[in-house]
Each structure stands twice: as structure tokens, then as C-alpha cells.
Amino acid sequence: MEGDPSQFESIGSRLGFRIVSEGPDQLSLVWHGTRFPAFLCLGIAVVLLFVSVPIVEAIRQRGFAGPAGSLWYFPVMNLILLVVAFYLLSLKRTIVFDHRAQQVRLVKRSLLRRITLCVSYGEVASLRLGIDEVYSSFAVAGSSADQSYPVPSLRLILTGGGEMLLDRSSRRNLESLGQRLSQRLEKPLERDKAFLP
């Protein structure tokens, strides 16, 4: 195994990989980052451009002593929103099951870095459908940030005793994906009692 499986644990509740290509030699799954917040930030940044560009021009002509000098935070806020939007759009996870190389390759990519994890088929003991307890990340309307809720997950169980998160999604999608991967890897598909309806 090359890489650290803990780097591929997800904080969020859902990933929802989709199959991009499937052939006798290779199966590729892809997850793109959170699109709604990314496009929301991008939309707000584009709208703020109509305010920010005149402010920047006024500051350039008259300096910070002019009437627009006190509005310097609009262009800064606009720039921050653009950076956040591009970062969210750059998030991507890929899982490739390469039958020819007998290897599972996970890649986690963002604007800032790229992390890779490679595991040979021989290191995989089984696949497991289970339930993860995912903690809510925000305290909203009097709720506690320590609250958790169950989310279905699909994991690779390694021969050394470790495990790797592959996906979190609906039970139906994970059941279908788990059976497909079990046949491809020729490994058993286990189901936790909590996963069964």
C-alpha cells in the first residue's frame, strides 16, 4: 500500500461517486466537489464585480482619502469569494479499479494539492456495507455541534486490519456499487447488521 487511508476519510455525509468508465480492464468512479456552494460563491462574486470595479477605479484615481476609500472591503470580499468558488470547483475524488495492474488507486485533488493512495487487490480482504456516524459540523438554531447521524457507507477492508472509505451514499446505490465491485475484485461483500433494513 502506498499512501495513508486516513487522508481519504470524508467529513461530509454524502459523496455519491458516479461511474465514468467501465470496461474489462478498468472501472473509474468520480466525485466532483460541492457544486451548489461553489456556484453560489461564484454568482455572488460576479454580482459584486459590478460594485467592486467602480470602487477599485475610484480608489486608484483618488486614493483611500476619497469618498470610495472606505469601501475597500468590497473588492477584497469579492476576491475571497472568487478564491473560495474556484477551490470548491477544483475538488475532485477519483477511484480507479485497474484489473490489469491488480490495483485500486484513489486520488484526492484540490486547487492546492493532490493525494494518492494505491492498494493492490491482494491487500483487500473484503468490502463492507455499513453505517458511519457522521457529526454535524455546524451548530444551528440551538442544536449542538456534537450531534451525529447515521449515513450508509461502503468500505474496503484490508488484510492488515485497516479499512478505507470508498463512498457514502444511499443504501440502494451502495448496494449496487458494492455488488459490482465485489464481482470485479472477487472479494466477499459483507453487510453490517445496522446496514440491513
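Here are a few things to note about the model shown:
- Filter result for ILE19 (in contact with a Pro (Cβ under 8 Å, 6 or more places away or on another chain) and either among the aliphatic types (A, V, I, L, M) or within 29 Å of ARG172 (Cβ to Cβ) (or both)): no
- The single residue among LEU79, LEU111 that is hydrophobic (A, V, I, L, M, F, W, C) and not assigned by TED's automatic domain parsing to the domain that holds VAL51 turns out to be LEU111.
- Taken residue by residue, region 93-109 has at least one member that is of a type in the set (A, V, I, L, M) and in contact with a Pro (Cβ under 9 Å, 6 or more places away or on another chain).
- Within region 149-163, residues that are over 16 Å from GLU175 (Cα atoms) and polar (S, T, N, Q) sit with their Cβ atoms under 6 Å from residues that are at pLDDT 85 or above and surrounded by 15 or more Cβ atoms within 10 Å (Cβ to Cβ), at 6+ positions apart or across chains, in these pairs: THR159/GLU123; THR159/ALA125.
- If you go through region 168-197 and keep only what is out of contact with any Pro (no Cβ under 7 Å at 6 or more places or on another chain), of a type in the set (A, V, I, L, M, F, W, C) and not in a loop (DSSP other than H, G, I, E, B), you end up with LEU177, LEU181, LEU185, LEU189.
- Extreme residue, surrounded by the most Cβ atoms within 10 Å (Cβ to Cβ), among residues of region 86-101 that are in contact with a strand residue (DSSP E or B) (Cβ under 6 Å, 6 or more places away or on another chain) and closer than 15 Å to GLU22 by Cα: ILE95
Conditions (1) surrounded by 12 or more Cβ atoms within 10 Å (Cβ to Cβ); (2) closer than 20 Å to VAL104 by Cβ; (3) within 13 Å of the chain's Cα centre (by Cα), marked per residue:
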residue: GLY3; (1), (2), (3): yes, yes, no
residue: SER21; (1), (2), (3): no, yes, no
residue: VAL30; (1), (2), (3): yes, yes, yes
residue: ALA45; (1), (2), (3): yes, no, no
residue: VAL56; (1), (2), (3): yes, no, no
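- Residue match in region 52-74 (condition: small (Gly, Ala, Ser), in a helix (DSSP H, G or I), touching a Leu at 6+ places or on another chain (Cβ under 9 Å) and in contact (Cβ under 8 Å) with a residue 24 or more places away in the chain): yes
The values are calculated or read from the model by the stated rules, or taken from the named source; none is laboratory data. Bear in mind that the values here come from a model prediction, so they are computed numbers and not experimental data. With ideal geometry, Cβ positions are generated from the backbone for all residues, glycine too; neighbour counts draw on all protein chains shown.
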